[in-house]
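See structure below.
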Amino acid sequence: MKKHRHRILGAVFFVLYLVLLTYFLFFAEEMGRSPDARAEYSYNLTLFKEIRRFLLYRNILGWRAVFLNIFGNVLAFMPFGFFLPVFSGRCKKFWRTAFYSFELSLLVELLQLVFRVGSFDVDDLLLNTLGGMAGYGLYRLFVRYYHQRSQRGKESGETT
């Protein structure tokens, strides 16, 4: 029963996360998603090109832009990698979660290209996928901690 509650709670957080992710990736004006920004197509098909550009021109662009571009993409997909195995029993394996992180990122990048919101960027594919993988790593750490804690509780309960 407790496991069922955790899955439901995980599903609720997962859906909430997807709604927020959709907002920030497609509608948030503070992230450059205004109708004015949709005028031209923009894409990058060279791996590490935008990452290198942001690091090279960090003093001109500002550290906030560098952080949002590089770490923001990783952080944005960490909840996906964390909540997906909680929500879906099929995604308990690392590579399956990594694959679905890549798929979601590819879908987002293609939608941004088609609807001219943001830009298609292979660096974002890499960073988003790494974020999903890091989120999965946090999920595994959480499961291990929770399992060890429950084992200690059982052991202390048996000795009393």
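Before moving on, here are some points about what is shown:
- With respect to being touching a residue at least 60 places away in the same chain (Cβ under 8 Å) and either assigned to a loop (DSSP other than H, G, I, E, B) or in contact with a strand residue (DSSP E or B) (Cβ under 9 Å, 6 or more places away or on another chain) (or both), Leu110 falls outside the description.
- Those helices (runs of 4 or more DSSP H) of segment 1-104 in which 1 or more residues are open to solvent by less than 30 Å² (accessible area, probe 1.4 Å) and among the aromatic types (Phe, Trp, Tyr) occupy 2-26, 49-56, 63-87.
- Any hit, segment 117-135, residues being surrounded by fewer than 20 Cβ atoms within 10 Å (Cβ to Cβ), of a type in the set (S, T, N, Q), at pLDDT below 95 and at negative phi: yes
- Val143 being in contact with a Gly (Cβ under 9 Å, 6 or more places away or on another chain), within 24 Å of Ala11 (Cα to Cα) and open to solvent by less than 60 Å² (accessible area, probe 1.4 Å): no
- Filtering Val86, Val66 for residues that are farther than 21 Å from Val19 by Cβ and touching a helix residue (DSSP H, G or I) at 6+ places or on another chain (Cβ under 9 Å) leaves a single hit, Val66.
- Among the residues of segment 113-145, the ones that are in a helix (DSSP H, G or I) and either farther than 15 Å from Pro85 by Cα or in contact with a Ser or Thr (Cβ under 9 Å, 6 or more places away or on another chain) (or both) come to 18 in all.
The values are calculated or read from the model by the stated rules, or taken from the named source; none is laboratory data. These numbers were taken from a predicted model, which means no experiment stands behind them. Every residue, glycine among them, receives a Cβ derived from its backbone with ideal geometry; neighbour counts consider all protein chains shown. Only protein heavy atoms, including side chains, enter the accessible area calculation; ligands, DNA and RNA are left aside. Shrake-Rupley method; radii C 1.70, N 1.55, O 1.52, S 1.80 Å.
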